[in-house]
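Throughout, read-outs are computed from the coordinates displayed, never taken from laboratory work. These numbers were taken from a predicted model, which means no experiment stands behind them. Here the Cβ positions follow ideal geometry from the backbone for every residue, glycine too, while neighbour counts run over all protein chains shown.
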């Protein structure tokens, strides 16, 4: 998802009997649907996993601004431009809500930023694909934000209070993102032949990378089992992917576009669509840094950080000067 | 697959820090009062060099959809909070004072609403 391949201790889930009293009380609180708050006791693994997951989620929001920011200056109308600008600003906001939540776990904002810039922390694989035409703005909103919503809606019930609260805010805004994307797709799909082709091409390029967002099957993963016991992951990757396909295929049909999967078929028996898995070798390759835009994205973030240094330092110096002259005047 | 051609390249690495790290902008907690006469409510936090910038940033981060008509910001280091260990001594005393709740008292139906 926006957080992919998060690894836990790898030791498997302990039973309540195997836990020390403090950890048992913690787990029982989670099992009963209670929330864990920043100052509460928590296992070190829970804290570390959450920092990684929330951090990666936040980084995805921040890096996710780049493929869409690419089209702000070239939006086809002033209205589309204003909408896209608002959408991209929301993504910055989402990144900030998530960084705040991660900081309550004892990591600093600068640590998170540096780990992103060095490539130590990851962001979602999806943002390493380029946005080549205006129709990609439609496909990103419709498919990428649509896939993100699948994961984020259940995370509103996650056990860590600050993360759950950030998700509530994000989900409220995310629905605007998906709808504006679908609105672009409707316009293009019902436009000229060239526009319809552009919309189909965007769907062709973004379909499988969107399915990859959920991560490979984790039905047998010890990491996922632990995250689910801690309620920092609410569904398996396959469950969410199936839900996304079931929801999205009829929408593609409405648009009169073809999902680029010849194995896609409604299964009367299961009540779900059967579909092809994405190319997982490609997924791992993109995570390793070999996607079409990994280098560009990280360079853009590094440049923004380096070029902004004098502003951050200058404003801090100005605030300090104002503070001391105020004290002197008193 | 469906994506454009991949191009292999050397892993991007951030430059090694050449000088000591600059301090982060301080952390501020943000409180917003909504439109409907409720009190200010904590909505989250942000980093800013001073109070003026903290309010400006809070406007952008927390009120993009008319969430509020008034913003308070306070530097996080100035907030004193109770600790979870004190939960028992602080809140348990109110558990056995159920008479503080109106439902403790049975008012006969013929008396009407009270």
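The table below gives the values:
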quantity	calculated
Chain A: relative contact order in percent, alpha carbon pairs under 8 Å with at least 6 residues between	21 percent
Residue of A:263, A:237, A:151 that the Gaussian network model of chain A assigns the largest fluctuation, springs spanning Cα pairs under 10 Å	A:263
Relative contact order of region A:45-103, pairs being alpha-carbon contacts under 8 Å that are 6 or more residues apart, as %	53 percent
Relative frequency of Cα-Cα separations exceeding 16 Å in region A:25-97, percent	62 percent
For the protein assembly as shown, share of DSSP beta bridges that run antiparallel, in % to the nearest 5	95 percent
Sequence of A:269, A:18 once ranked by neighbouring C-beta atoms within 10 Å, starting from the fewest	A:269, A:18
Least to most buried among B:114, A:186, A:42 (fewest other Cβ within 10 Å first)	B:114, A:186, A:42
Choice from A:80, A:312, A:157 with maximal GNM fluctuation in chain A (Cα, 10 Å cutoff)	A:312
Rg(Cα) / (2.2 N^0.38 Å) computed for region A:64-119, rounded to two decimals	1.43
Region A:1-160, Rg to Rh (Cα coordinates; Rh as Kirkwood inverse mean 1/r)	1.05
Top of A:200, A:247, A:65 by mean-square fluctuation, Gaussian network on chain A, Cα under 10 Å	A:247
Relative contact order of region A:185-330, pairs being alpha-carbon contacts under 8 Å that are 6 or more residues apart, as %	20 percent
Cα-based equivalent ellipsoid, the protein assembly as shown: semi-axes from gyration tensor eigenvalues, Å	38, 30, 25
Relative exposure of A:72, B:77, judged by other C-beta atoms within 10 Å (fewest first)	B:77, A:72
